[in-house]
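What follows is a short report on a single structure.
The values are calculated or read from the model by the stated rules, or taken from the named source; none is laboratory data. Treat the numbers as computed from the prediction; the structure is a model and nothing was measured. Quick reminder, even Gly has a Cβ in these numbers, built from the backbone with ideal geometry, and neighbours come from all protein chains shown.
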Amino acid sequence: MIVTEIRYFDRKKLTAEIRFYFRVLCVSAVKFFHLAKSPFELVHCRELMSKRPIVVGNWKMHKTALDAVHYVEAITPLLQGVESQIFLAVPFPSITPVAQAARKGGILVGAQNMHDAPEGAFTGEVSGLMLKSAGASFVLLGHSERRALFGESDAFIHRKVLRALQDDLIPILCVGETWEEREEGLTEKVLHRQLSSALAGVALDTPDSAMGSEPRKFQADGRVRYNLMVAYEPVWAIGTGKSATPAMVAEAHAMCRKYAPVPLLYGGSVNGENASQIISQKNVDGVLVGGASLSPQTFAQIAIHCSKKVLS
Ligand code: PEP
């Protein structure tokens, strides 16, 4: 009787173990084949192995593909030995040339926007899969210029976030209040609304692991967690030369951290002079740089300042 029970117990344990290892094997196989699909992604995963400050350049609608390649050639030697992780959000036509030129330097290339549909009759639009196959690793979503100039709603941005995650792109979700909203004391309300609507239903990775992993992380239990970043970009500080004060940055980042426990970037008139002070604020894991990223020298200088921060 006792022997039978022990055998029964062992068999049950063995079955559970076999099932567990089988699942781990399946997940590894899926990951392997998934990664093997794109040479760009192999670079991406290797480069994201450590937790380092993140410096993202947003070129907006600047530079031809040729200018873009010259830029990468100019900045690569300046970034030798710099610890920051460099991301460049470039115009669509520059994604593939920059991805190819940037491979050796470990710079990650991404887009500034995408549509939420996988394909269809959407003249002038680009899907996540198209970006991915062109060499993009990430995509900016909800930038205030998209919200203000192209009427993007919270609901549309939410659908884009879901699609980007599905297509294995790291979304960098941009949020931020207008000056009027700040004056009325609505900053936290706005950030909460933008974050909770964009991230509804998304299982996020923790800040600790998010920076050292691929966009989609399979767990041994079969669940999927997503890697995502948030950029706090007060609308009034973008392209105005008027950056938020360190105290404002720290306060807003603490709010964002409450609602989105993911790597947080600050964006809004970051330059070679203020980068050190901004990156040193609590809960600031990196910066998103517009105008100042257009010069390889200035952008490299910002990356060097940021690399001095040791992220906890
Ligand atoms: C941006 O475009 O995201 C941005 C922060 O721009 P700038 O640095 O020029 O303010």
Can you tell me how many residues in segment 56-84 are under 22 Å from T96 (Cβ atoms) and not in a helix (DSSP H, G or I)?
10
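Determine which member of the set G286, G267, G291 is touching a residue at least 24 places away in the same chain (Cβ under 8 Å), within 9 Å of the ligand (Cβ to nearest atom), in contact with a Leu (Cβ under 7 Å, 6 or more places away or on another chain) and not hydrophobic (A, V, I, L, M, F, W, C).
Working: G286 fails: within 9 Å of the ligand (Cβ to nearest atom); G291 fails: in contact with a Leu (Cβ under 7 Å, 6 or more places away or on another chain).
Just a single option satisfies the conditions, and that option is G267.
Take segment 85-98 and flag every residue that is in a loop (DSSP other than H, G, I, E, B) and crowded, with 20+ Cβ neighbours inside 10 Å. Steps first, answer last, please.
Narrowing segment 85-98 to residues in a loop (DSSP other than H, G, I, E, B): 90-91.
V90 - this is the single residue of segment 85-98 that is in a loop (DSSP other than H, G, I, E, B) and crowded, with 20+ Cβ neighbours inside 10 Å.
Within segment 139-161, track down each residue that is in a helix (DSSP H, G or I), away from the ligand (no atom under 16 Å from the Cβ) and either of a type in the set (F, W, Y) or without any contact (Cβ under 8 Å) to a residue 40 or more places away in the chain (or both). Reasoning before the result, please.
From segment 139-161, those in a helix (DSSP H, G or I) are 144-149, 154-161; that's our starting set.
Right, trim to away from the ligand (no atom under 16 Å from the Cβ) and you get 154-156, 158-161.
The one that is in a helix (DSSP H, G or I), away from the ligand (no atom under 16 Å from the Cβ) and either of a type in the set (F, W, Y) or without any contact (Cβ under 8 Å) to a residue 40 or more places away in the chain (or both): F156.
Let me confirm something: among A136, A164, A101, which residue is in a helix (DSSP H, G or I), of a type in the set (G, A, S) and touching a Gly at 6+ places or on another chain (Cβ under 8 Å)?
A164
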When F92 is run through (1) of a type in the set (F, W, Y); (2) over 28 Å from R193 (Cβ atoms); (3) within 16 Å of the ligand (Cβ to nearest atom), the failure sits at (3)
Within segment 155-175, is even one residue at pLDDT 95 or above, more than 21 Å from V262 (Cβ to Cβ) and of a type outside the set (G, A, S)?
no
Any idea how many residues of segment 270-282 are surrounded by fewer than 24 Cβ atoms within 10 Å (Cβ to Cβ) and either near the ligand (Cβ under 10 Å from one of its atoms) or under 11 Å from V249 (Cβ atoms) (or both)?
6
Look at E125 and say whether it is more than 25 Å from L294 (Cα to Cα) and either outside any helix (DSSP H, G or I) or away from the ligand (no atom under 16 Å from the Cβ) (or both).
no
